[in-house]
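Down below is the structure, laid out as structure tokens.
The values are calculated or read from the model by the stated rules, or taken from the named source; none is laboratory data. All figures in this text were calculated on a predicted structure; none of them were measured in a lab. Don't worry about glycine lacking a Cβ; one is built from the backbone with ideal geometry, like all the others, and counts go over all protein chains shown. SASA here: full protein model, heavy atoms, side chains in, ligands and nucleic acids out. Shrake-Rupley method; radii C 1.70, N 1.55, O 1.52, S 1.80 Å.
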Amino acid sequence: MSLPAVAVVGATGAVGSRVVRILEERAFPLRELRLLATERSAGARVPFRGETLVVEPTAPEGFRGVDLCFLAVPGSATSRTLAPQARAAGAVVIDKGSAFRMEPEVPLVVPEVNPASVRGHQGLLATPNCSTIQLVVALQPILRAGGGLRRVLVATYQAASGAGQGGADELAAGSRDAAHPPRVFPRPLAFNVIPHIDAFDLAGGFTQEELKLRRESRKILGLPDLRLSATAVRVPVFVGHCEAVYVETERHLTHAEARAALAAAPGVKLVDEPAAAAYPTALDAAGRDDVLVGRLRPDPDEENGLHFWVAADNLRKGAATNGVQIAELLVGEGLL
Ligand SMILES: NC(=O)c1ccc[n+]([C@@H]2O[C@H](COP(=O)([O-])OP(=O)(O)OC[C@H]3O[C@@H](n4cnc5c(N)ncnc54)[C@H](OP(=O)(O)O)[C@@H]3O)[C@@H](O)[C@H]2O)c1
């Protein structure tokens, strides 16, 4: 195939604008880039490879001739409308949202973890939730070195931009004016910590964000019965999700073995020199593509228990970079 024509839908959003930037940074091979959003931002101008591209309103005709389409739009209903339009025009779709992630025929891909899942795709692939991606990148080496996972417990500390540009704007407004009414978040986020992301599943008491972490990790790791549960928390940070992870492995791992496994893992950067106050923070993670891991330590009571801390840029590795890496895999394997 000649170089693909690429469309980014949601190109003015928190994730879509990063997709455009990352396509340029990684010199993704393409012959044409089309930027689509709503009427609200039609006409916006975006620099790309020394040129200025103009954002167009999204319409079915806009997908004509497109080979690869990144969907970075909020709301499952929008993805469910636009993905078939792009597919009908012949494009392979990489969706950033949650509409299709758990459908059995849709590969849910983290290239460092399950790259082979792209094979046999049927024109639609999904990139996982931001908090899931950084978790599985860090879990995979522990899973392999430890001969399996008995149990995983996670507490997340998630940035405002995880709720899109509107979330980041609301945090900025609330930081300037404590009376600013919350609309994106259920409570004021500035100077606060909120244990509530996405809707509650009232029967079980978990939120959808917590259930996504469980379901998506199971699918990506190929462990349908993995015992994994989470508490997802929004914190007043603009970019960068952090996670406190507790894992029990099947086989006892020494601290040195766990450290070596993480240090050698693709996509992981170990930042773990506590004596020098070197550990990952949200600010360290923002703007980069590695998943940062630190604070690695054995549990004092459970022989096979390990604790660690993970930080990653939710907009880059948590969404845009992961999507572009999936596209690179498709190109590399001749699957576009
Ligand atoms: N933020 C994260 O950390 C993160 C991480 C992983 C996955 N995701 C997923 O990525 C997707 C995008 O999220 P985001 O955070 O980038 O949201 P966002 O900042 O609110 O941006 C939304 C983008 O979608 C466009 N849009 C909205 N409705 C549309 C429609 N009907 N047709 C075409 N374009 C439309 C908007 O265009 P206008 O500018 O014209 O309004 C804007 O460009 C969501 O599915 C989200 O769940 C987000």
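Points worth noting:
- The chain: Cα Rg divided by the 2.2 N^0.38 Å rule of thumb: 0.99
- Distance between the pseudo-spin-label points of THR81 and SER2 (7 Å out from Cα toward the beta carbon): 3.3 nm.
- Pairwise label distance in nanometres, ARG227 with VAL193, each label 7 Å out on the Cα-Cβ vector: 2.6 nm
- Label-zone membership for segment 57-77, site GLU51, 7 angstrom Cα→C-beta point, backbone N under 18 Å: 57, 62-70
- R0 of 30 Å, Cβ-Cβ distance ASP301-ASP201: FRET efficiency to nearest 0.05: 0.45
- Per-residue Karplus couplings for segment 13-30, computed as 6.51 cos²θ - 1.76 cosθ + 1.60 with θ equal to phi - 60°, are listed in order as x, 4, 7, x, 5, 5, 4, 4, 4, 6, 4, 6, 4, 8, 6, 4, x, 8 Hz, Gly and Pro entered as x.
- Taking the C-alpha atoms only, the angle from helix 76-88 to the longest principal axis of the chain is near 50 degrees.
- The trypsin sites (Lys or Arg not before Pro) of segment 93-160 that DSSP puts in a loop, and whose beta carbon has at most 12 other beta carbons within 10 Å, are ARG119.
- Rounded if a/c under 1.5, otherwise prolate or oblate - segment 125-230, Cα gyration tensor axes: prolate
- Value of relative contact order over the chain, rounded to a whole percent, pairs C-alpha under 8 Å and six or more apart: 18 percent
- Rg to Rh quotient for segment 131-314, alpha carbon positions, Kirkwood Rh: 0.99
- Residue by residue, segment 48-60 carries 3J(HN,Hα) couplings of 8, 6, x, 10, 10, 9, 10, 6, 10, x, 7, 8, x Hz when phi is fed to the Karplus relation 6.51 cos²θ - 1.76 cosθ + 1.60 (θ = phi - 60°); x denotes Gly or Pro.
- Counting only heavy atoms of the protein chains and using a 1.4 Å probe, CYS242 has close to 10 Å² of accessible surface.
- Calculated mean residue ellipticity, 222 nm, the chain: -8500 deg cm²/dmol, from DSSP H runs (n ≥ 4) at -39500 (n - 2.57) each, averaged per residue and rounded to 500.
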